[in-house]
1. Over the chain, with a Gaussian network built from C-alpha contacts below 10 Å, which listed residue (ILE107, ILE46, ILE21) shows the highest mean-square fluctuation?
2. With an 8 Å cut-off on Cα pairs and a minimum separation of 6 or more residues, tell me the relative contact order of segment 134-197 in percent.
3. In Å, what is the Rg of the alpha-carbon atoms in the chain, and how long is Dmax?
4. Quick check: net charge around VAL44, other residues with Cβ under 14 Å of its Cβ, Lys/Arg +1 and Asp/Glu -1?
5. For the chain, modelled as a Gaussian network with Cα springs under 10 Å, which listed residue fluctuates most, ASN147, ASN164, ASN99?
6. Order 54-65, 184-195 from most to least packed using the mean count of other Cβ atoms within 10 Å.
7. Please list the helices of the chain that count as membrane-span-like by this rule: a mean Kyte-Doolittle hydropathy of at least 0.0 together with Cα atoms stretching 27 Å or more along the helix axis, each helix being a complete DSSP H run.
8. Distance from the Cα centre of segment 85-116 to that of segment 223-264, in angstrom?
Amino acid sequence: MSGAAGASTVPQGALAGRSAIVTGAAGGIGFAIAEKLNELGADVTIMDRDVERARATAEARLASGYTVVGGDVRREEDLKAMFDHAVGAWGKVDILVNNAGIMEFVIPTVDQELAKWQRLMDVHLRAAFITSQMFGRHVLERQGNGNIVNVSSITALRPMRSSNGYVVAKAALAAMTQTMAAEWSGQGIRVNAVAPGFTRTHFAGSANEAGADFSDVFGRIPMKRLGQPREIAEVVAFLVSDAASYVSGALIPIDGGWAANSGP
Ligand SMILES: NC(=O)c1ccc[n+]([C@@H]2O[C@H](COP(=O)([O-])OP(=O)(O)OC[C@H]3O[C@@H](n4cnc5c(N)ncnc54)[C@H](O)[C@@H]3O)[C@@H](O)[C@H]2O)c1
């Protein structure tokens with residue numbers, strides 16, 4: 001039997017003196033990542049379009065070592081302001097987690113509107129390109145070390161029908177992780193991605209709200225339960241820590257065995 005979230009791989013204080021940006025971190029997986037990095041000693045910049053919720057969550061759960069900034073990851077100027085905010089607050093950025101995402105799948109291809117398809121690309125892919133480019137320039141300029149983690153999806157490895165926008169964006173994000181890892185790993189920047197399976201957040205709930213019936217899907221997860229945001233955060237913490245010093249270009253499924261199973 002597999003246990004629930006609890007154990008941790010990275011020692012306390014492992015990220016002391018480092019500064020991290022997490023996008024889409026008002027709640028869900030993003031906030032769990034920000035909280036975990038903060039627990040390990042990192043100063044975190046929490047970015048979300050819902051800045052009030054981000055501020056309320058952070059105030060309720062974090063004691064210190066954080067700052068909150070609003071913005072829309074689709075807007076280049078907001079991403080620039082986010083980056084400047086983080087550098088202003090902490091002097092530098094060592095860790096970038098591209099997590100912001102929107103739940104829009106199960107749209108038959110013949111019904112997909114181009115504007116919605118484009119929005120999925122903009123939020124999941126274009127934004128991550130812009131922030132990673134800013135981060136790459138920032139780290140290379142000061143000849144430092146850095147870590148990027150992109151929050152992709154298990155659907156990048158096991159696509160679903162009627163999900164051409166979301167799944168394609170997440171698969172492209174996985175490919176971008178590898179191409180940036182190939183380019184920057186020799187210059188002190190490791191680039192990795194995680195591929196969460198079905199995880200208990202607002203996101204999973206809204207899949208059902210959107211009219212998709214996931215009850216059958218959840219029953220087919222080998223571990224017979226949804227993931228917890230904290231279980232995604234643990235892997236991200238490992239990836240950005242020195243414990244993962246030789247890991248770059250990886251896409252790690254965190255899915256309760258979902259991708260391993262093609263049977264009933
Ligand atoms: N929950 C799952 O089952 C699951 C599975 C695989 C991948 N993911 C991915 O994990 C990431 C986090 O998802 P979650 O489950 O925590 O969902 P969530 O809805 O709880 O969190 C997403 C956050 O992103 C923010 N956001 C959305 N669009 C934004 C924009 N344009 N600008 C700034 N912020 C924006 C939202 O306000 C929200 O706080 C997403 O990229 C999602 O695709 C989730």
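1. ILE107
2. 47
3. In order Rg, Dmax, the Cα atoms of the chain give 17.5, 52 Å.
4. Details: positive: ARG18, LYS36, ARG55, ARG61, LYS92; negative: GLU35, GLU39, ASP43, ASP48, GLU59, ASP94.
Summing Lys/Arg as +1 and Asp/Glu as -1 gives -1.
5. Maximum fluctuation in the GNM of the chain, among the listed residues, is at ASN164.
6. On the way: 54-65: 14.7, 184-195: 20.7.
Result, highest mean Cβ count within 10 Å first: 184-195, 54-65.
7. 164-184
8. After rounding, the separation between the Cα centres reads 19 Å.
The values are calculated or read from the model by the stated rules, or taken from the named source; none is laboratory data. Bear in mind the structure is a predicted one, so any value in this text is a computation, not a measurement. Every residue, glycine as well, gets a Cβ built from its backbone with ideal geometry; the counts of neighbours run over all protein chains shown. SASA here: full protein model, heavy atoms, side chains in, ligands and nucleic acids out. Shrake-Rupley method; radii C 1.70, N 1.55, O 1.52, S 1.80 Å.
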